[in-house]
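Presented below is the structure to which this report refers.
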Amino acid sequence: MRSYIMKTTQLLWEFIKQFKWRYIIGIIILLITSFISSMIPKIMGYVTDSINDRMPAPVINRYLILLVAATVAVFVLRFTWRYFLVGNNRYLECYLREKLFGHMQTLPASFYDNNKTGDLIAYAINDIQAIRRVFGFGFTSVLDGLVVNTMSIAIMVRTINPILTLMAIAPAPIIVMIIYFLRKKIRERFGAVQRAFAEISGKVQENISGIRVVKAFAQEEEEVQDFLKYNQARVDTQMSLTRVSAILGPVTQLTFGLSTVLFIIYGSGLVARDVISLGDYVAFSSYITVIMGPIIRIGRIIDVWQRGFASVQRLDRIFCQRSERDAENALATVTLFGLNGQARDDSTDTEKLRGHIAIRDLTFVYPGTDRKVLQDINLEIKEGETLGILGRTGSGKTTLVNLLLRLYEVEDGHIFIGGRDINHIPLKVLRENIGYVPQDNFLFSTTIKSNIEFFKPIYSDHQIEHATRMAGIYDEIMSFPEGFNTVVGERGVTLSGGQKQRVSIARAIVKDPSILILDDSLSAVDTKTEEKILENLKNVLKGRTGIVISHRVSVVRYCDHIIFLDDGRIIESGTHDELMQLKGAYYNLYVTQMEQVEDNMLLQARG
């Protein structure tokens, strides 16, 4: 499958080609509508002349019927082309938003390290809406106005009076000049508006996510005052844009108002001298109104187009970001309201990887930094073995497993899984074979069952039940009134920290992965529960490779092999007994933690 990296304009062309017949039919009907609309003022002139000249009633009635028929036809045809063109833009909005979301799923973790949530929300909402308005109001107004005005001017020149026609269109060059000078400012200021929206969205998202911390430190008033700064910045940028875009409408009305006054003076003289008929005068005044409509709207049209151009440039920054290699499998799962024709198939079997892991001379630096987070890592985990990783905060433990998941890229020749270079294993295959329980035990605001099966209805109730028993959470789930159908709050807020950790463990176990990684996943459970889970995990890990990261020696002491990381380096390596004999960092940590356990037991006994 070809690379997903493409510009927004390419995506727009793909959509247009996919719905070309809707656009063709809509444009044809729009052109017919515009042609009929341009004939209505002339028909009104005929009606006026026929009445003024006291023509027979059948002649007058014929013109009146023609006028009514034209008006009804315009009404019906306008509804039809709006259905095809404007209505189709809702599909365009969905199309772009799903393409954007699908592309975001393939971007590396480093992208999210360097982009704020508020910015990404602005891309997905405001920028896509701005492009949708270009294809709706912007495109149809330009096409409709162009056809109507061209036809109207041609009729005015040929059938009424050329001098009056020049008088009517005289303001147009002035408007064009104003537009030329303001277009760049509109685009720049709209970009500032979008950035301000991103800032305020990020502030709201951050504050709501951390509301418990805000309340715990009684920072509500301070946060409100801080938010007012973002809010005022949003108002200031919007007003800056409004001051520019609002100039066009009044200037257009003023210039055409002067033109209309001149027409009334000059045109009435022509009628008095019988140069033009009263019907021509009425028709001409109607044509001026018809011409003024699109030109008065030109300020809004240019505003919409410039906003759209600014949004295209902003979205290009996202779509042109290099996605993770082999991301085609992830993108193929994005279904577009029937536009793709096929739904996602989560039941597709994936290749099974062998659990042998080898790391050779691995040094890693996060993109955009120069500090070596991992240095000279050499490690081998045989299939079926369990590795324990200890170390202080910031020593590189989580970074190491992130590289195994290819959340960050490393060069070839450093990490091998099942005898294959990790960069040569398709991402979907790699990640389907790894069960990962991260430090941040993120749960979605849905049922416990959906969180465990991760929206993949491919696991039986027995498999889900077995995974929760192994994670030590089954009994607590069944104690809830709704059991597995219990809906947890946002980010699992209605569950305790220990319950969230165990649901996350069950989510990893139910995959039946070749490699199971637990990243400090028992930190929120009590000692008794920890012992129960560890005993269950011994059975789960039989025949599969395990990596257990922890700050507690009690969690890793029974692992087949243990390493101690410090400042990105492996400073100690061996079994529990071997490391105890070294009397180094592992030994000191063990002694310290055992003393803490004894002190706690003593306090409990005294209590």
Subject >> Filter result (of a type in the set (A, V, I, L, M, F, W, C) and closer than 11 Å to ILE357 by Cβ) within the range 404-435 >> reply: LEU404, ILE415, PHE416, ILE417, ILE422, ILE434
**OP:** Show the residue pairs that are 6+ apart or on different chains and have beta-carbon atoms under 8 Å apart, the first residue being within the range 116-139 and closer than 16 Å to ALA310 by Cα and acidic (Asp, Glu), the second being at pLDDT 80 or above and open to solvent by less than 30 Å² (accessible area, probe 1.4 Å).
**Re:** ASP127/SER311; ASP127/ARG314; ASP127/LEU315
Original post:
Got a sec? Which of VAL142, VAL86, VAL148 is touching a residue at least 60 places away in the same chain (Cβ under 8 Å), open to solvent by less than 50 Å² (accessible area, probe 1.4 Å) and more than 16 Å from the chain's Cα centre (by Cα)?
Top reply: VAL148
Original post:
If you take the residues in the range 433-483 that are closer than 30 Å to THR393 by Cα and of a type in the set (Ser, Thr, Tyr), which one is most open to solvent (accessible area, probe 1.4 Å)?
Top reply: SER445
Original post:
Residues in the range 543-573 that are among the hydroxyl-bearing types (Ser, Thr, Tyr), assigned to a loop (DSSP other than H, G, I, E, B) and over 38 Å from the mean Cα position of the chain (by Cα): how many?
Top reply: 1
Subject >> Subset of the range 574-594 that is part of a helix (DSSP H, G or I) and open to solvent by 70 Å² or more (accessible area, probe 1.4 Å) - its residue that is nearest to GLY394 (Cα to Cα) >> reply: ASN588
Subject >> Only one of PHE101, PHE79, PHE111 that is without any contact (Cβ under 8 Å) to a residue 12 or more places away in the chain, surrounded by fewer than 18 Cβ atoms within 10 Å (Cβ to Cβ), outside any loop (DSSP other than H, G, I, E, B) and within 41 Å of the chain's Cα centre (by Cα) >> reply: PHE79
Original post:
Which of the residues belonging to the range 509-536 are over 21 Å from ARG552 (Cα atoms) and touching a strand residue (DSSP E or B) at 6+ places or on another chain (Cβ under 6 Å)?
Top reply: LYS511, PRO513, ILE515
Original post:
If you go through the range 510-542 one residue at a time, how many are acidic (Asp, Glu) and not in a loop (DSSP other than H, G, I, E, B)?
Top reply: 4
Original post:
Only one of ASN588, ASN600 is at pLDDT below 80, more than 41 Å from the chain's Cα centre (by Cα) and of a type outside the set (A, V, I, L, M); which?
Top reply: ASN600
Original post:
So which helices (runs of 4 or more DSSP H) stay within the range 246-351 end to end and still have 1 or more residues that are surrounded by fewer than 17 Cβ atoms within 10 Å (Cβ to Cβ) and modelled with pLDDT of 70 or more?
Top reply: 248-272, 278-296, 298-319
**OP:** Hey, can you tell me all the residues within the range 205-229 that are open to solvent by 60 Å² or more (accessible area, probe 1.4 Å) and either modelled with pLDDT under 70 or under 22 Å from the mean Cα position of the chain (by Cα) (or both)?
**Re:** GLN205, GLU206, ILE208, SER209, ARG212, VAL213, LYS215, ALA216, PHE217, ALA218
Original post:
In the range 380-409, which residues are outside any helix (DSSP H, G or I) and open to solvent by 20 Å² or more (accessible area, probe 1.4 Å)?
Top reply: GLU380, LYS382, GLU383, GLY384, GLU385, ARG392, THR393, GLY394, LEU407, TYR408, GLU409
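The values are calculated or read from the model by the stated rules, or taken from the named source; none is laboratory data. From a predicted model like this one, the values you see are computed outputs, not experimental measurements. Cβ coordinates were reconstructed from backbone atoms using ideal geometry, including for glycine residues, and neighbour counts include every protein chain displayed. The area values use the complete protein model at the heavy-atom level, side chains included, leaving out ligands, DNA and RNA. Shrake-Rupley method; radii C 1.70, N 1.55, O 1.52, S 1.80 Å.
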